[in-house]
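Chemist: Mind looking over this structure? Questions follow.
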Amino acid sequence: MDSLPRRIEKIIEPQPVVEGAGVRLKRSIGTRRLDYLDPFLLLDHFASTNPDDYKAGFPLHPHRGIETVTYVLAGTVHHKDTLGNAGSIGAGDIQWMTAGRGIMHEEMPQVRPEGIAGFQLWVNLPAKLKMTKPRYQEIRSNEIPEIKRADGAKIRVVTGTVDGINGPVSGIAADPTYLDVFVPPHASFTQPINRRHTVFAYVFDGEARFAENGTVTSPPRLVVWDGGDHVNVTTAESSVRFLLVSGKPLNEPIARYGPFVMNTREEIERTLRELREGTFG
Ligand code: MN
(Lines give C-alpha, C1' and ligand atoms only; values in the text may rest on other atoms or scores of the structure.)
Protein backbone atom coordinates (compact mmCIF):
# COMPACT_ATOMS: atom_id res chain seq x y z
CA MET A 1 0.00 0.00 0.00
CA ASP A 2 1.16 3.53 -0.73
CA SER A 3 2.30 5.69 2.17
CA LEU A 4 -0.30 8.43 2.65
CA PRO A 5 1.10 11.92 3.26
CA ARG A 6 -0.51 13.78 6.14
CA ARG A 7 -2.14 17.11 5.34
CA ILE A 8 -2.35 20.26 7.48
CA GLU A 9 -5.25 20.19 9.91
CA LYS A 10 -4.54 23.55 11.54
CA ILE A 11 -1.83 26.13 12.07
CA ILE A 12 -1.88 27.96 15.38
CA GLU A 13 -0.23 31.20 16.42
CA PRO A 14 1.12 30.84 19.99
CA GLN A 15 -0.37 33.13 22.64
CA PRO A 16 1.70 35.22 25.04
CA VAL A 17 1.24 34.06 28.66
CA VAL A 18 2.86 34.83 31.98
CA GLU A 19 3.52 31.69 34.01
CA GLY A 20 5.37 30.69 37.18
CA ALA A 21 6.46 33.70 39.22
CA GLY A 22 6.40 35.93 36.12
CA VAL A 23 7.97 34.21 33.12
CA ARG A 24 6.90 35.40 29.67
CA LEU A 25 6.16 32.50 27.33
CA LYS A 26 4.49 31.66 24.06
CA ARG A 27 1.89 28.92 24.58
CA SER A 28 0.49 26.91 21.69
CA ILE A 29 -1.07 23.84 23.35
CA GLY A 30 -3.11 24.27 26.52
CA THR A 31 -4.96 27.39 25.43
CA ARG A 32 -8.59 28.23 24.69
CA ARG A 33 -7.77 27.79 21.01
CA LEU A 34 -6.24 24.33 21.48
CA ASP A 35 -6.99 22.92 24.91
CA TYR A 36 -5.64 19.41 24.35
CA LEU A 37 -3.90 17.64 21.49
CA ASP A 38 -4.16 14.13 22.90
CA PRO A 39 -1.75 13.05 24.45
CA PHE A 40 -0.15 16.53 24.59
CA LEU A 41 -1.46 18.89 27.26
CA LEU A 42 0.76 21.92 26.96
CA LEU A 43 3.54 23.39 24.84
CA ASP A 44 5.41 26.48 26.02
CA HIS A 45 8.18 28.25 24.12
CA PHE A 46 10.47 30.53 26.07
CA ALA A 47 12.98 32.78 24.30
CA SER A 48 14.33 36.01 25.74
CA THR A 49 17.58 37.82 26.43
CA ASN A 50 15.85 40.20 28.86
CA PRO A 51 16.26 38.82 32.42
CA ASP A 52 12.98 40.49 33.47
CA ASP A 53 11.17 38.05 31.19
CA TYR A 54 12.48 34.91 32.89
CA LYS A 55 14.52 35.43 36.08
CA ALA A 56 11.52 34.96 38.42
CA GLY A 57 11.37 31.36 37.23
CA PHE A 58 9.11 28.61 38.49
CA PRO A 59 9.49 28.36 42.30
CA LEU A 60 8.40 25.24 44.18
CA HIS A 61 5.30 23.67 42.59
CA PRO A 62 3.80 20.18 42.30
CA HIS A 63 2.91 17.91 39.36
CA ARG A 64 0.88 14.72 39.19
CA GLY A 65 -0.42 12.48 36.42
CA ILE A 66 1.78 13.86 33.61
CA GLU A 67 5.28 14.06 32.16
CA THR A 68 7.07 17.36 31.67
CA VAL A 69 9.71 17.61 28.96
CA THR A 70 12.15 20.51 29.09
CA TYR A 71 14.42 21.09 26.07
CA VAL A 72 16.88 23.97 26.32
CA LEU A 73 18.30 25.70 23.23
CA ALA A 74 20.22 28.48 25.01
CA GLY A 75 21.01 29.35 28.61
CA THR A 76 20.61 27.17 31.70
CA VAL A 77 17.73 26.04 33.92
CA HIS A 78 18.48 24.87 37.46
CA HIS A 79 16.07 22.37 38.95
CA LYS A 80 15.61 20.84 42.38
CA ASP A 81 12.91 18.63 43.85
CA THR A 82 11.84 17.60 47.33
CA LEU A 83 12.98 13.99 46.71
CA GLY A 84 16.58 15.26 46.66
CA ASN A 85 17.12 15.40 42.90
CA ALA A 86 18.87 18.50 41.58
CA GLY A 87 20.80 19.58 38.51
CA SER A 88 20.97 21.93 35.60
CA ILE A 89 19.76 21.68 32.03
CA GLY A 90 21.93 23.56 29.52
CA ALA A 91 21.94 24.25 25.79
CA GLY A 92 21.00 21.14 23.83
CA ASP A 93 20.09 19.10 26.92
CA ILE A 94 16.69 17.58 27.58
CA GLN A 95 14.96 16.51 30.76
CA TRP A 96 12.07 14.07 30.39
CA MET A 97 10.41 13.95 33.81
CA THR A 98 7.68 11.45 34.52
CA ALA A 99 5.93 13.07 37.48
CA GLY A 100 3.61 10.10 38.05
CA ARG A 101 2.12 10.09 41.56
CA GLY A 102 3.83 13.30 42.48
CA ILE A 103 6.82 15.54 42.29
CA MET A 104 7.36 18.90 43.97
CA HIS A 105 10.06 20.91 42.27
CA GLU A 106 11.41 24.27 41.20
CA GLU A 107 12.69 25.23 37.76
CA MET A 108 14.80 28.38 37.69
CA PRO A 109 16.26 29.88 34.48
CA GLN A 110 19.63 31.44 35.23
CA VAL A 111 20.45 35.00 34.22
CA ARG A 112 23.09 34.69 31.51
CA PRO A 113 24.30 36.93 28.65
CA GLU A 114 22.75 34.48 26.16
CA GLY A 115 19.38 34.68 27.96
CA ILE A 116 17.16 31.63 27.85
CA ALA A 117 15.51 29.72 25.02
CA GLY A 118 13.72 26.42 24.91
CA PHE A 119 10.50 24.51 25.29
CA GLN A 120 8.38 22.71 27.83
CA LEU A 121 5.97 20.04 26.66
CA TRP A 122 3.48 18.21 28.90
CA VAL A 123 2.64 14.66 27.92
CA ASN A 124 -0.37 12.98 29.50
CA LEU A 125 -0.03 9.64 31.30
CA PRO A 126 -2.60 6.86 30.84
CA ALA A 127 -4.86 6.10 33.83
CA LYS A 128 -2.82 3.02 34.75
CA LEU A 129 0.41 5.08 35.06
CA LYS A 130 -0.86 8.30 36.66
CA MET A 131 0.30 7.14 40.09
CA THR A 132 3.55 5.54 38.88
CA LYS A 133 6.86 6.22 40.61
CA PRO A 134 8.49 9.51 39.50
CA ARG A 135 11.31 9.08 36.99
CA TYR A 136 13.84 11.41 35.39
CA GLN A 137 15.59 10.92 32.09
CA GLU A 138 18.15 13.69 31.89
CA ILE A 139 20.02 13.59 28.61
CA ARG A 140 23.09 15.72 27.91
CA SER A 141 23.44 17.39 24.54
CA ASN A 142 26.36 15.14 23.50
CA GLU A 143 24.24 12.04 24.21
CA ILE A 144 21.57 13.08 21.70
CA PRO A 145 22.42 11.65 18.28
CA GLU A 146 22.50 14.20 15.46
CA ILE A 147 21.92 12.79 11.99
CA LYS A 148 23.59 14.74 9.17
CA ARG A 149 22.11 13.96 5.79
CA ALA A 150 23.75 14.43 2.40
CA ASP A 151 21.33 17.28 1.57
CA GLY A 152 22.44 19.22 4.67
CA ALA A 153 19.47 18.36 6.92
CA LYS A 154 20.38 17.85 10.58
CA ILE A 155 18.10 15.92 12.89
CA ARG A 156 18.62 15.59 16.63
CA VAL A 157 16.82 12.47 17.84
CA VAL A 158 15.62 12.76 21.44
CA THR A 159 13.23 9.85 21.15
CA GLY A 160 11.88 7.84 18.25
CA THR A 161 13.79 6.57 15.21
CA VAL A 162 15.31 8.37 12.22
CA ASP A 163 17.42 6.61 9.59
CA GLY A 164 17.65 3.61 11.90
CA ILE A 165 19.00 5.70 14.80
CA ASN A 166 17.06 5.61 18.09
CA GLY A 167 16.93 8.53 20.50
CA PRO A 168 18.08 7.97 24.11
CA VAL A 169 14.77 8.71 25.90
CA SER A 170 12.96 5.39 26.32
CA GLY A 171 10.10 3.62 28.04
CA ILE A 172 7.57 6.42 27.57
CA ALA A 173 3.90 5.38 27.53
CA ALA A 174 2.96 7.64 24.59
CA ASP A 175 5.55 5.90 22.35
CA PRO A 176 6.64 9.39 21.28
CA THR A 177 8.85 10.83 18.60
CA TYR A 178 10.68 14.03 19.62
CA LEU A 179 13.01 15.52 17.02
CA ASP A 180 14.80 18.85 16.57
CA VAL A 181 14.96 19.23 12.79
CA PHE A 182 16.97 21.64 10.62
CA VAL A 183 16.31 21.59 6.87
CA PRO A 184 18.53 23.72 4.59
CA PRO A 185 17.15 25.77 1.68
CA HIS A 186 15.79 23.88 -1.35
CA ALA A 187 15.50 20.57 0.45
CA SER A 188 12.83 18.36 1.92
CA PHE A 189 12.36 16.20 4.96
CA THR A 190 10.04 13.24 5.33
CA GLN A 191 9.32 11.32 8.51
CA PRO A 192 7.10 8.25 8.83
CA ILE A 193 4.57 8.59 11.67
CA ASN A 194 2.43 5.81 13.08
CA ARG A 195 -0.98 6.20 11.46
CA ARG A 196 -2.78 6.22 14.83
CA HIS A 197 -0.52 8.87 16.40
CA THR A 198 -1.02 12.60 16.83
CA VAL A 199 1.76 14.69 15.25
CA PHE A 200 2.70 18.36 15.33
CA ALA A 201 5.60 20.63 14.41
CA TYR A 202 6.60 23.72 16.32
CA VAL A 203 8.31 26.09 13.89
CA PHE A 204 10.78 28.43 15.56
CA ASP A 205 13.24 29.52 12.85
CA GLY A 206 13.13 30.05 9.08
CA GLU A 207 10.16 28.95 7.03
CA ALA A 208 8.83 25.97 5.08
CA ARG A 209 5.79 24.32 3.59
CA PHE A 210 4.59 21.56 5.95
CA ALA A 211 2.37 19.71 3.48
CA GLU A 212 1.28 19.94 -0.13
CA ASN A 213 -1.95 21.66 0.94
CA GLY A 214 -0.08 24.06 3.25
CA THR A 215 1.07 27.60 2.71
CA VAL A 216 4.60 28.70 3.62
CA THR A 217 4.71 28.85 7.43
CA SER A 218 6.89 31.28 9.37
CA PRO A 219 7.64 31.15 13.09
CA PRO A 220 6.43 30.96 15.70
CA ARG A 221 3.67 28.56 14.70
CA LEU A 222 2.28 25.21 15.76
CA VAL A 223 1.46 23.02 12.77
CA VAL A 224 -0.94 20.12 13.38
CA TRP A 225 -1.27 17.42 10.76
CA ASP A 226 -4.29 15.17 10.13
CA GLY A 227 -4.18 11.41 9.49
CA GLY A 228 -1.72 9.55 7.28
CA ASP A 229 1.55 7.66 7.28
CA HIS A 230 4.20 10.36 6.93
CA VAL A 231 4.81 14.09 7.10
CA ASN A 232 6.71 16.05 4.48
CA VAL A 233 8.40 19.45 4.94
CA THR A 234 9.77 21.39 1.96
CA THR A 235 11.94 24.50 1.99
CA ALA A 236 12.55 27.11 -0.74
CA GLU A 237 14.93 30.07 -0.35
CA SER A 238 15.04 29.82 3.44
CA SER A 239 16.10 27.05 5.80
CA VAL A 240 13.76 25.99 8.61
CA ARG A 241 14.10 24.63 12.12
CA PHE A 242 11.30 23.01 14.06
CA LEU A 243 10.43 20.45 16.69
CA LEU A 244 8.63 17.41 15.34
CA VAL A 245 6.66 15.58 18.02
CA SER A 246 4.26 12.64 17.80
CA GLY A 247 2.56 10.35 20.28
CA LYS A 248 -0.22 7.86 20.81
CA PRO A 249 -3.56 9.40 21.85
CA LEU A 250 -4.97 8.07 25.13
CA ASN A 251 -8.68 8.62 24.41
CA GLU A 252 -9.35 8.84 28.15
CA PRO A 253 -11.34 11.42 30.13
CA ILE A 254 -9.20 14.20 31.59
CA ALA A 255 -9.69 16.23 34.74
CA ARG A 256 -7.22 19.10 34.69
CA TYR A 257 -6.36 21.49 37.46
CA GLY A 258 -3.16 23.50 36.96
CA PRO A 259 -0.17 21.15 37.29
CA PHE A 260 -2.35 18.08 37.99
CA VAL A 261 -3.99 16.07 35.24
CA MET A 262 -6.05 13.08 36.28
CA ASN A 263 -9.07 11.22 34.89
CA THR A 264 -11.76 12.34 37.36
CA ARG A 265 -12.66 15.32 39.55
CA GLU A 266 -12.46 13.03 42.60
CA GLU A 267 -8.80 12.28 41.84
CA ILE A 268 -8.08 16.02 41.60
CA GLU A 269 -9.87 16.67 44.90
CA ARG A 270 -7.88 13.86 46.55
CA THR A 271 -4.66 15.42 45.22
CA LEU A 272 -5.60 18.85 46.63
CA ARG A 273 -6.47 17.24 49.96
CA GLU A 274 -3.05 15.50 50.08
CA LEU A 275 -1.38 18.86 49.37
CA ARG A 276 -3.32 20.54 52.22
CA GLU A 277 -2.55 17.70 54.61
CA GLY A 278 1.12 17.52 53.61
CA THR A 279 0.97 13.93 52.37
CA PHE A 280 1.51 14.74 48.68
CA GLY A 281 4.49 13.10 46.95
MN1 MN B 1 7.31 21.99 36.72
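The values are calculated or read from the model by the stated rules, or taken from the named source; none is laboratory data. Just so you know, these numbers come straight off a predicted model, no measurement behind them. Don't worry about glycine lacking a Cβ; one is built from the backbone with ideal geometry, like all the others, and counts go over all protein chains shown. Each accessible area value is taken on the protein alone, full model and side chains, heavy atoms only, with ligands, DNA and RNA left out. Shrake-Rupley method; radii C 1.70, N 1.55, O 1.52, S 1.80 Å.
Chemist: Given the criterion part of a helix (DSSP H, G or I) and farther than 24 Å from D44 by Cβ, identify the matching residue among E212, E269.
Modeler: When all the criteria are applied, what remains is E269.
Chemist: Output the number of the condition that T279 fails; it satisfies all remaining conditions of (1) within 16 Å of the ligand (Cβ to nearest atom); (2) in a loop (DSSP other than H, G, I, E, B); (3) among the β-branched types (V, I, T).
Modeler: Answer for T279: the failing condition is (1).
Chemist: Specify the residue that is surrounded by the most Cβ atoms within 10 Å (Cβ to Cβ); the eligible residues are those in the range 242-281 that are within 30 Å of Q191 (Cβ to Cβ) and of a type in the set (S, T, N, Q).
Modeler: S246
Chemist: What are the residues in the range 31-45 that are open to solvent by less than 40 Å² (accessible area, probe 1.4 Å), in contact (Cβ under 8 Å) with a residue 40 or more places away in the chain and more than 13 Å from the ligand (Cβ to nearest atom), if any?
Modeler: L34, L37, D38, P39, F40, L43, H45
Chemist: Related question: Please verify whether R135 is in contact with a strand residue (DSSP E or B) (Cβ under 8 Å, 6 or more places away or on another chain), within 30 Å of M262 (Cα to Cα) and not acidic (D, E), treating the condition exactly as stated.
Modeler: yes
Chemist: Next question. Collect the residues in the range 105-149 that are in a strand (DSSP E or B), more than 16 Å from the ligand (Cβ to nearest atom) and of a type in the set (K, R), keeping them in residue-number order.
Modeler: Across the range 105-149, the qualifying residue is only K148.
Chemist: Quickly run through the range 2-15 and pick out the residues that are open to solvent by 70 Å² or more (accessible area, probe 1.4 Å) and either more than 19 Å from L243 (Cα to Cα) or in contact with an Asp or Glu (Cβ under 6 Å, 6 or more places away or on another chain) (or both).
Modeler: The answer is D2, L4, R7, E9.
Chemist: Find all pairs meeting these conditions: Cβ atoms under 6 angstrom apart; at least six residues apart or on different chains; first residue within the range 107-126 and on the phi > 0 side of the Ramachandran plot; second residue away from the ligand (no atom under 13 Å from the Cβ) and not in a strand (DSSP E or B).
Modeler: G115/T49; G115/G75
Chemist: Then there is this: Just one of the numbered conditions (1) part of a loop (DSSP other than H, G, I, E, B); (2) in contact (Cβ under 8 Å) with a residue 60 or more places away in the chain; (3) touching a Pro at 6+ places or on another chain (Cβ under 8 Å) is not true of V245; which one?
Modeler: Just one mismatch for V245, condition (1).
Chemist: Provide a single number: the residues in the range 209-233 that are open to solvent by less than 60 Å² (accessible area, probe 1.4 Å) and either in contact with a Gly (Cβ under 8 Å, 6 or more places away or on another chain) or hydroxyl-bearing (S, T, Y) (or both).
Modeler: Qualifying residue count for the region: 4.
Chemist: Another one. Which one of P59, P16 is within 16 Å of the ligand (Cβ to nearest atom) and modelled with pLDDT of 95 or more?
Modeler: P59
Chemist: Given the conditions (1) more than 15 Å from the chain's Cα centre (by Cα); (2) at positive phi; (3) not aromatic (F, W, Y), which single one is not true for G30?
Modeler: Unmet condition: (1).
Chemist: Regarding T177, is this residue more than 16 Å from the ligand (Cβ to nearest atom) and under 30 Å from T235 (Cβ atoms)?
Modeler: Here the answer is yes, as T177 does meet what is asked.
Chemist: So which residues in the range 62-88 are in a strand (DSSP E or B), away from the ligand (no atom under 12 Å from the Cβ) and among the β-branched types (V, I, T), if there are any at all?
Modeler: Once the filter is applied, which keeps residues that are in a strand (DSSP E or B), away from the ligand (no atom under 12 Å from the Cβ) and among the β-branched types (V, I, T), the range 62-88 yields only V72.
Chemist: Determine the pairs where a residue that is within 16 Å of N142 (Cβ to Cβ), located within the range 78-97, has a partner that is among the polar types (S, T, N, Q) and within 13 Å of the ligand (Cβ to nearest atom) with Cβ atoms under 9 Å apart, the partner being 6 or more residues away or on another chain.
Modeler: Pairs found: G87/Q95; I89/T70; I89/Q95; D93/T70; I94/T70; Q95/T68; Q95/T70.
Chemist: Provide a single number: the residues in the range 62-109 that are in contact with a strand residue (DSSP E or B) (Cβ under 9 Å, 6 or more places away or on another chain) and more than 28 Å from F242 (Cα to Cα).
Modeler: The total comes to 14.
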